[in-house]
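Structure provided below as structure tokens; questions to follow.
Taken together, the values in this text are just the output of simple stated rules run on the coordinates, not laboratory data. Being a predicted model, the structure only gives us computed values, none of them experimental. Here Cβ is always computed from backbone atoms with ideal geometry, including for glycine, and neighbour counts include all displayed protein chains.
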Amino acid sequence: MSETVVVIGGGAAGFFGAITCAEANPALRVVLLEKTTKLLSKVRVSGGGRCNVTHACFQASVFAQHYPRGLKALKKMLPLFGAEDTVKWFQQRGVKLKTEPDGRMFPQSNSSETIVECLLNSARKAGVEIRTSVAVQRIAPLPASALPDRFELQLSNGSSIKAARVLVSTGGSAKAEGYQWLQELGHTVEPPVPSLFTLNVPQSSFKDLMGVSVPKAKVKLVGQKLETEGPLLITHWGLSGPAVLRFSAWGARMLQEQKYQGTALVNWTGNITEEQLRAQLQERRKSEAKKTVYTNSLFGLPNRLWQRICELSDVSETVKWAELPGKSQNKLIEYLIRTPFEVKGKTTFKEEFVTCGGIKLSEINLATMESTKVTGLFFAGEVLDIDGITGGFNFQAAWTGGYLAGRAMAV
């Protein structure tokens, strides 16, 4: 009888682990269990249905900087299987990736189904047994006399399955209770809180400008050091876009402690300081003296946004640059670099939502993803206390962890 390896979770990390294990040791029986009827559901919807596979950054130490939780761990893991390896892995299976200007990498087909089919076909070719609508309710360690089987898994349909090794790749859980079955095995869980969410601003003076975006803005919270930069999108509920998502990721625990309340300040100009802005406005007074302020946007800001900032700064539609009152200029400067938004809660950002928290990384051998608490138990993906910002980083953590676990389980 061949040894059985069970992979729990039919997402990116689970499939990558199962495929790697089965390909590395065809003599093994590799069984993948998914509690729902859908396989690779996050892969399907990621990147607006295009699947942001990874990011075009091939230096591990730089790539790791994009993880609010897990930075030190990824510095050790990525040299073993990084973005370049991911690109090669898919290319070897007939899927070519393309790089967008911001570094995000997608399949050339622009369809996530290309990635889904690649993973499903690779799993089938490798002989992975895939079972859906089967949840694992408990992992029970077996006595040494049962070797090579170390575990008996109690399943939701009333049956059980024995395994020599188990990979847990069940994704994140919004509630601590979702990790209880793993805590029963002796593991420590960093409390889960949401990450990658948008900010609700119910009283926003900009909500009627929904859909307006700027390519480079800065966001910070009054009373906190945290500041992030990137494209920013105005929505009917508040603020979104990469700048806000990065803000929510790096400030996940801080924002949760503040109950998602506070004053966010937006600098629409990006890196321009107050002194630089004041100098530019003085220059504009001379060079564009006879032009109206209201119809001459600065910094390439969308006209609707510029005009709203002018209105809030008491700049009339007819005033010319040479005639701009000092008081209005000061208000204009203030709104350009410190527009206040009263945050009252958060909203999940489509499919990009991830969990900050999970299995403590100090309890994992990062070269193999095996538990240091329980021999034969492995972890990969979002179930761990690893999460990245948007841009393909969360998927790369899944591919990396799944690959390392799959390789180690095949031995």
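Counting alpha carbon pairs within less than 8 Å and at least 6 residues apart, what relative contact order, in whole percent, applies to the chain?
Computed over the chain, the figure is 25 percent.
What does the helix-only formula give at 222 nm for the chain: each DSSP H stretch with n ≥ 4 adding -39500 (n - 2.57), the total divided by the residues, and the result rounded to the nearest 500 deg cm²/dmol?
-9500 deg cm²/dmol
List the extent of the Cα atoms of the range 202-348 along each of their three principal axes, largest first, rounded to whole Å.
49, 29, 24
Would you mind getting the Kirkwood hydrodynamic radius of the chain from its Cα pairs, rounded to one decimal in Å?
With all distinct Cα pairs of the chain included, I get 23.2 Å.
Working out 0.36 nm times the residue gap between Leu80 and Thr295, then minus their Cα-Cα distance, what length gain in nm do you get to one decimal?
71.9 nm
Here's something else I'd like to know. Any of Lys72/Lys218; Lys42/Lys96; Lys72/Lys346; Lys35/Lys346 with alpha carbons more than 24 Å apart? Name them for me. Display every interim value, and only then the final one.
Working: Lys72/Lys218 26 Å; Lys42/Lys96 20 Å; Lys72/Lys346 28 Å; Lys35/Lys346 28 Å.
Among Lys72/Lys218; Lys42/Lys96; Lys72/Lys346; Lys35/Lys346, the Cα-Cα distance tops 24 Å for Lys72/Lys218; Lys72/Lys346; Lys35/Lys346.
What's the local net charge at Gly357, with K and R +1, D and E -1, over the other residues with C-beta under 15 Å away?
Once all neighbours under 15 Å are counted, the net charge is -3.
If Lys and Arg each add +1 and Asp and Glu each add -1, what is the summed charge of the other residues whose beta carbon sits under 12 Å from the beta carbon of Lys218?
Charge balance near Lys218 sits at +2.
Now for a different question. So which aspartates and glutamates pass the test for Lys331, namely a Cα distance under 17 Å, with those fewer than 8 places away in the same chain ruled out?
Cα-Cα hits under 17 Å: Glu274, Glu275, Glu311, Asp314, Glu317, Glu323.
Can you put His66, His236 in order, fewest other beta carbons within 10 Å first?
The order, fewest Cβ neighbours first, is His236, His66.
Which entries in the list Lys320/Lys344; Lys88/Lys175; Lys38/Lys76; Lys220/Lys286; Lys38/Lys88 go over 29 Å, if you measure between the two C-alpha atoms of each?
Lys320/Lys344; Lys88/Lys175; Lys38/Lys76; Lys220/Lys286
Just grab the label-to-label distance for Gln261 and Val411, each label 7 Å out from Cα along the Cβ direction, in nm (one decimal).
Taking the simple label geometry, Gln261 and Val411 are separated by 5.2 nm.
Go ahead and set up a Gaussian network model of the chain, Cα springs under 10 Å, then flag whichever of Thr37, Thr263, Thr198 fluctuates most.
Looking only at Thr37, Thr263, Thr198, the biggest GNM fluctuation is shown by Thr37.
If one computes P(r) from the Cα atoms of the range 249-320, what percent of pairs lie at distances over 16 Å?
Cα-Cα pairs of the range 249-320 separated by over 16 Å account for 62 percent.
With a 10 Å Cβ neighbour count serving as the proxy for reagent exposure, in which order, fewest first, do Asp208, Asp85, Asp387 appear?
Asp208, Asp85, Asp387
I want to verify a result. In a Gaussian network model of the chain, Cα cutoff 10 Å, which of these has the top mean-square fluctuation: Ser169, Ser145, Ser213?
The residue with the greatest mean-square fluctuation here is Ser145.
Please work out the FRET efficiency for the pair Arg44 and Gln137, using the Cβ-Cβ distance as r and a Förster radius of 41 Å; give the result to the nearest 0.05.
The value I calculate is 0.95.
Size of the dipole of the chain about the Cα centre, Lys and Arg at +1 and Asp and Glu at -1 on the beta carbon, nothing else charged, in debye to 20? Let's see the in-between values first.
Numbers: 49 positive and 36 negative charges, 104 e Å.
Charge dipole, the chain, about its Cα centre: 500 debye, nearest 20.
Run the dipole for the range 202-348 about the Cα centre, Lys and Arg Cβ at +1, Asp and Glu Cβ at -1, nothing else charged, and hand back the magnitude in debye, nearest 20.
Value, rounded to 20: 140 debye.
Students often forget the sequence filter, so: which lysines lie under 20 Å Cα-Cα from Lys216 once same-chain residues fewer than 8 apart are removed?
Within reach: Lys207, Lys225.
Follow-up question, since we're still on this one. Between beta-carbons, use under 14 Å as the cut-off and find the net charge around Arg93, counting Lys and Arg +1, Asp and Glu -1.
+1
Which whole-number percent gives the relative contact order of the range 202-348, counting Cα pairs below 8 Å spaced six or more residues apart? Provide the component values of the computation, followed by the final result.
Working: 244 pairs, mean separation 39.6, N = 147.
Dividing the mean separation by the residue count of the range 202-348 yields 27 percent.
For the chain, set up a Gaussian network in which alpha carbons nearer than 10 Å are linked by springs, and say which option among Gly388, Gly186, Gly345 fluctuates the most.
Highest fluctuation among the options: Gly186.
Considering only Val193, Asn52, Ser159, whose Cα is most displaced toward the positive end of the charge dipole of the chain, charges sitting on Cβ of Lys, Arg (+1) and Asp, Glu (-1)?
Asn52
Something else about it: Give me the one-decimal nm value for the distance between modelled label points at Met210 and Asn330, 7 Å along each residue's Cα-to-Cβ direction.
Each label point lies 7 Å from its Cα, and together they span 3.7 nm.
Between the range 160-175 and the range 188-248, what is the separation of their alpha carbon centroids in Å?
33 Å
Got a sec? Charge dipole of the chain, +1 on Cβ for Lys and Arg, -1 for Asp and Glu; which of Tyr335, Ile8, Met254 is way out at the positive end?
Value computed over the given set: Tyr335.
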